[in-house]
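Every number in this text was worked out from the coordinates using simple rules, so none of it is lab data. Bear in mind the structure is a predicted one, so any value in this text is a computation, not a measurement. With ideal geometry, Cβ positions are generated from the backbone for all residues, glycine too; neighbour counts draw on all protein chains shown.
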């Protein structure tokens with residue numbers, strides 16, 4: 001009948017799901033309903049239970065209580081193979097591909113029967129899937145030759161090849177350029193039009209609003225609400241996620257008296273294989289500014305930070321800090337020269353903090369060289385630890401709790417708080433809000449702006465271009481270890497930065513006086 005609305009069939013239903021890990025209740029009475037042919041986003045802070053819920057749907061975990069229905073039939077999974085047999089495929093944020101194998105070899109691995117097929121038959125099946133969903137991959141291309149976007153496309157083909165009609169995508173745009181995100185969204189819409197159900201876990205609210213049909217919000221392990229995207233607004237979604245209103249305004253003030261603090265001059269760093277991880281990089285960090293670093297994964301961001309901090313050897317070039325060349329000096333030498341550089345690495349535990357030590361002793365580790373005399377005084381570090389815990393609202397039973405027992409987000413707060421409290425002149429921050437919820441992330445942006453106001457020069461390595469463009473005074477773009485441009489975010493678009501990230505074009509470099 002004309003004008004009649006036909007309800008879509010429910011593809012997935014999870015009812016009253018509970019899951020505990022020891023004393024930690026990860027999911028409590030969670031309900032989720034995903035329709036056939038829809039894109040359904042799952043939002044929530046870190047620790048809200050999103051990944052745990054999807055790991056139960058993909059067969060990695062089993063619920064302690066609750067029921068899962070697929071197309072109206074109750075199911076129970078004891079392994080990921082059970083989930084795959086029922087047409088569920090999960091595409092993880094960190095790709096599960098073998099670099100030395102071709103696309104088609106990665107597709108058929110784990111499926112013994114398909115190893116008997118001829119290569120051209122496998123290639124034809126892959127081509128048929130690609131044509132059907134608007135995907136683009138070369139069956140004989142090796143994974144190590146692929147871009148990040150091509151690898152993700154291959155992961156999608158892998159699950160479709162195995163008959164998946166329900167796809168779970170974990171942070172699918174985290175490492176993509178704006179151009180690759182647009183291409184991915186076209187693919188997702190094609191899959192949706194073909195009747196697939198796509199569940200997306202992401203923290204990028206603008207993308208959720210663009211691509212999803214409905215949104216389920218989790219908070220503290222419980223499902224709060226499910227809303228139609230067309231009727232939702234970002235502030236209300238954040239309030240559901242956090243439980244309170246959050247000011248989403250990232251301020252970017254400009255100050256007079258900007259002068260260079262640190263200058264990299266044609267710096268080259270080799271990786272373990274002898275290739276250039278950094279290739280003739282020149283970059284200036286000044287006081288009263290935040291300079292962002294953008295680039296796809298493994299473009300040299302880690303090496304850039306470690307080179308400045310004195311953690312890796314420099315093959316060629318010089319790094320000047322307040323006029324002194326610091327190349328060849330150890331991190332301890334740099335501190336003894338009075339050069340205070342806070343360094344927040346990608347790996348919070350292992351090279352940032354000692355997991356078996358408590359908050360106090362992790363601060364002692366940073367401060368002991370600056371204390372006078374032969375007797376180590378713990379009192380100042382106790383005071384500092386209490387101050388950091390209060391200022392950053394770190395959730396910990398005590399300042400004497402082992403750092404490894406804290407959540408990832410709280411570990412990051414300890415690390416960032418320790419570095420800021422050391423009053424550095426240059427602060428090197430690599431992914432400082434990774435693992436933090438929205439409220440804590442904006443608190444960090446405010447703290448960085450406070451440091452900038454004090455005259456600190458800040459290097460901010462980030463993966464969210466919206467944040468980089470809102471927070472930073474300049475953005476340096478890395479591609480394969482080279483700087484392809486240093487731009488003013490006021491004068492460029494995300495798409496132009498995306499092109500620089502791929503090295504395919506050149507945006508006019510900003511001239512800094």
Quick note, segment 1-102: a/c under 1.5 would make it rounded; otherwise a/b > b/c is prolate and the rest oblate (a ≥ b ≥ c, C-alpha gyration tensor); here it is oblate
If each part is reduced to its alpha-carbon centroid, segment 27-81 and segment 208-234 end up apart, in Å, by 16
Gyration tensor on Cα atoms of the chain, a ≥ b ≥ c root eigenvalues, a/c under 1.5 rounded, else prolate if a/b beats b/c, else oblate, says prolate
Longest principal axis of the chain (C-alpha) makes with the long axis of helix 408-421 (C-alpha) an angle, in degrees to the nearest 10, of 20
From the Cα centre of segment 246-325 to that of segment 157-192, the distance in Å is 33
So the angle from the long Cα axis of helix 438-453 to the longest Cα principal axis of the chain, reported in degrees to the nearest 10, equals 20
Dividing the helical contributions, -39500 (n - 2.57) per DSSP H run of n ≥ 4, by the residues of the chain yields a 222 nm value, nearest 500 deg cm²/dmol, of -9500 deg cm²/dmol
Dividing the surface of the Cα convex hull of segment 10-242 by four yields a projected area in nm² of 12.6
Output row, site residue 333, 7 Å Cα→C-beta label point, backbone N cut-off 18 Å, window segment 243-267, residues 263-265, 267
